[in-house]
Amino acid sequence: VQAFAAHDEL
Amino acid sequence: MNFFRLLGDLSHLASIFILLHKIQTTRSCRGISFKTQVLYVVVFVTRYLDLLTFQFHSIYNTVMKLFFIGSSIYILYLMRVRFRPTNDPSIDTFRIEYLLGPCAVLSLIFNYGYTWLEIPWSFSIFLESVAILPQLFMLQRTGEAETITTHYIAALGAYRALYIPNWIFRYFTEDNGVDAIAVVAGIVQTALYVDFGWIYFTKVLQGQKFELPA
């Protein structure tokens, strides 16, 4: 899976 | 940050304060699943490992993460030490290994990279989606709940529900694509609250006690 990720959500 | 996410996060914060208020005013953790609370600690610790990298998003983000980790551990302390006699493990019987195992497997299959941050992150997303199950299972077994406990669960459900319009909003206003893992797990998680939410709206908010139909 492509790296989405800011992971900026809690 | 948008309106739905902010409201969702505030609802999440509120749920924790409601839970602390319930435990401290009734001086009891009766009706609260210790297993669900353990799962939330695991969820927060595995998701917020990025705190260790100091890859900074915002003060808001960092403060909230520290608060969620700290408060969830504090709740375990309240349940296991401070108000231990009021905790009845005999009705908190959901087998959490049936949640932990599959979530671990899922995180190894679906993740955004085989790294020490991404796999625990993915694991925490899957685990959060089912972490409320021991609590709902306990409710099912006892068939009733204190009103304040239902407010706690309802605030958690509202937090999850609000993340859905947040993602829709982000889809149209940002250019980052879709966080498929978070969205799919989030929809599953929200769905788990539907049954509870129905009784909460039709009974508790009408001033009645939370009681499941026999």
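Which residue out of B:PRO134, B:PRO165 is of a type outside the set (Lys, Arg) and within 19 Å of B:LYS35 (Cβ to Cβ)?
On the way: B:PRO165 fails: within 19 Å of B:LYS35 (Cβ to Cβ).
Matching residue, one of B:PRO134, B:PRO165: B:PRO134.
Quick one: in region B:147-201, of everything that is assigned to a loop (DSSP other than H, G, I, E, B) and under 20 Å from B:ASN111 (Cβ atoms), which residue is nearest to the other protein chains (Cβ to nearest Cβ)?
B:ASP179
What about B:PRO102, is it within 14 Å of chain A (Cβ to nearest Cβ) and not hydroxyl-bearing (Ser, Thr, Tyr)?
It is false that B:PRO102 is within 14 Å of chain A (Cβ to nearest Cβ) and not hydroxyl-bearing (Ser, Thr, Tyr).
Looking only at region B:126-146, which residues are touching a strand residue (DSSP E or B) at 6+ places or on another chain (Cβ under 7 Å) and part of a helix (DSSP H, G or I)?
The answer is B:LEU139, and nothing else.
I'd like the residue in region B:2-24 that is surrounded by fewer than 16 Cβ atoms within 10 Å (Cβ to Cβ) and either within 14 Å of another protein chain (Cβ to nearest Cβ) or aromatic (Phe, Trp, Tyr) (or both) and, out of all such residues, is farthest from B:GLY186 (Cα to Cα).
Only one residue tops the list, namely B:PHE17.
Name the residue that is farthest from the other protein chains (Cβ to nearest Cβ), counting only residues in region B:25-65 that are touching an Asp or Glu at 6+ places or on another chain (Cβ under 6 Å) and closer than 18 Å to B:PRO134 by Cβ.
B:GLY31
Scan region B:81-125 residue by residue and report those that are closer than 14 Å to B:VAL41 by Cα and part of a helix (DSSP H, G or I).
Across region B:81-125, the qualifying residues are B:LEU100, B:PRO120, B:TRP121, B:PHE123, B:SER124, B:ILE125.
What are the pairs, 6+ residues apart or on separate chains, where a residue within region B:138-160 that is under 13 Å from B:GLY8 (Cβ atoms) has its Cβ under 9 Å from a residue that is modelled with pLDDT of 95 or more and of a type in the set (Phe, Trp, Tyr)?
B:ALA155/B:PHE17; B:LEU156/B:TYR193; B:GLY157/B:TYR193; B:GLY157/B:PHE196; B:GLY157/B:TYR200; B:ALA158/B:TYR193; B:ARG160/B:TYR193
Name, by its number, the condition in (1) loosely packed, with under 12 Cβ neighbours inside 10 Å; (2) under 23 Å from B:TYR152 (Cα atoms); (3) in contact (Cβ under 8 Å) with a residue 12 or more places away in the chain; (4) within 12 Å of another protein chain (Cβ to nearest Cβ) that does not hold for B:PRO89.
Every condition holds for B:PRO89 apart from (4).
The values are calculated or read from the model by the stated rules, or taken from the named source; none is laboratory data. Since the model is a prediction, treat every value here as computed from it, not as a measurement. Here the Cβ is made from the backbone with ideal geometry for all residues, glycine too, and neighbour counts use every protein chain on show.
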